């Protein structure tokens, strides 16, 4: 059973943002049990930028899903900013995710018929944010990722890097405390990946959010505060 330390020499604080204790997630496939996570003990300080690495099937995405409330543990506990979310009912986890967690995925999930502005604003509409506040937060998020000039462009009118920036702005619009990214640079060339990783690091520093990123990208090593390596559902180094 592996235990990691909370503090990175490069970033974060003494306040733990994420704690897991003996975290396990077992999937059933017929008569077979697949141990996607097997007794993971983890502590991450607030304001850290953390890369989760490992081969396909190592448990990276399952770990992110349990921490973000998309999945429930089979055993063990998950605390995020002091709240044990692992046993919450789905309705409570859904509300918490909308208000506290920003998601950035490789597939982006942008709606092609909507402009950059509308893709970002939609999240705030779903959270019932008022008109002026919604507009201000949308514009601020797009400014933060450097897309002010492309605010009215639809996804097909943007480059891959610009589309990724729209997805980042959408994740930031609700001012989350936790950012979850799953292979966010997987479809980008190295130059664009560098710019996106630098943007992530800047956002973590300026907004004091905690960011977890599952990635195979070695470029990430120069930008993150900490690297956690998984293998077969276990932490093997951090």
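Assorted remarks:
- Some residue of the range 40-47 being outside any strand (DSSP E or B) and at pLDDT 90 or above: yes
- Here the condition is being more than 30 Å from residue 124 (Cβ to Cβ) and modelled with pLDDT of 90 or more; of 94, 20, it holds for 20 alone.
Each row is one residue, and each column tells you yes or no for (1) touching a residue at least 12 places away in the same chain (Cβ under 8 Å); (2) assigned to a loop (DSSP other than H, G, I, E, B); (3) touching a strand residue (DSSP E or B) at 6+ places or on another chain (Cβ under 9 Å); (4) closer than 23 Å to residue 183 by Cβ.
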site	(1), (2), (3), (4)
27	no, no, yes, yes
34	no, no, yes, yes
71	yes, yes, yes, yes
108	yes, yes, no, yes
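- For the range 48-69, a residue qualifies if it is under 13 Å from residue 229 (Cα atoms) and either part of a strand (DSSP E or B) or in contact with a helix residue (DSSP H, G or I) (Cβ under 9 Å, 6 or more places away or on another chain) (or both), and the qualifying residues are 50, 51, 52, 53, 54.
- Qualifying residue in the range 150-164 (condition: on the phi > 0 side of the Ramachandran plot and either buried (at least 16 other Cβ atoms within 10 Å of the Cβ) or part of a loop (DSSP other than H, G, I, E, B) (or both)): no
- Residue within the range 203-211 that is outside any loop (DSSP other than H, G, I, E, B), farther than 30 Å from residue 73 by Cβ and touching a helix residue (DSSP H, G or I) at 6+ places or on another chain (Cβ under 9 Å) present: yes
- Residues that are buried (at least 18 other Cβ atoms within 10 Å of the Cβ) and free of Cβ contacts under 8 Å to residues at least 60 places away in the same chain, drawn from the range 87-105: 93, 97
- Of all residues in the range 145-165, none satisfies the criterion of being modelled with pLDDT of 95 or more and within 20 Å of residue 210 (Cα to Cα).
- Any hit, the range 58-73, residues being surrounded by fewer than 19 Cβ atoms within 10 Å (Cβ to Cβ), within 26 Å of residue 185 (Cβ to Cβ) and modelled with pLDDT under 90: no
- Residues of the range 123-149 classified as touching a residue at least 40 places away in the same chain (Cβ under 8 Å), part of a helix (DSSP H, G or I) and either touching a strand residue (DSSP E or B) at 6+ places or on another chain (Cβ under 7 Å) or more than 20 Å from residue 193 (Cα to Cα) (or both), total: 2
- The set of residues from the range 216-238 being outside any strand (DSSP E or B) and under 20 Å from residue 25 (Cβ atoms) comprises 232, 233, 238.
The values are calculated or read from the model by the stated rules, or taken from the named source; none is laboratory data. Owing to the predicted nature of the structure, the values given are computational and were not obtained by experimental measurement. Backbone-built Cβ (ideal geometry, glycine too); neighbour counts: all protein chains shown.
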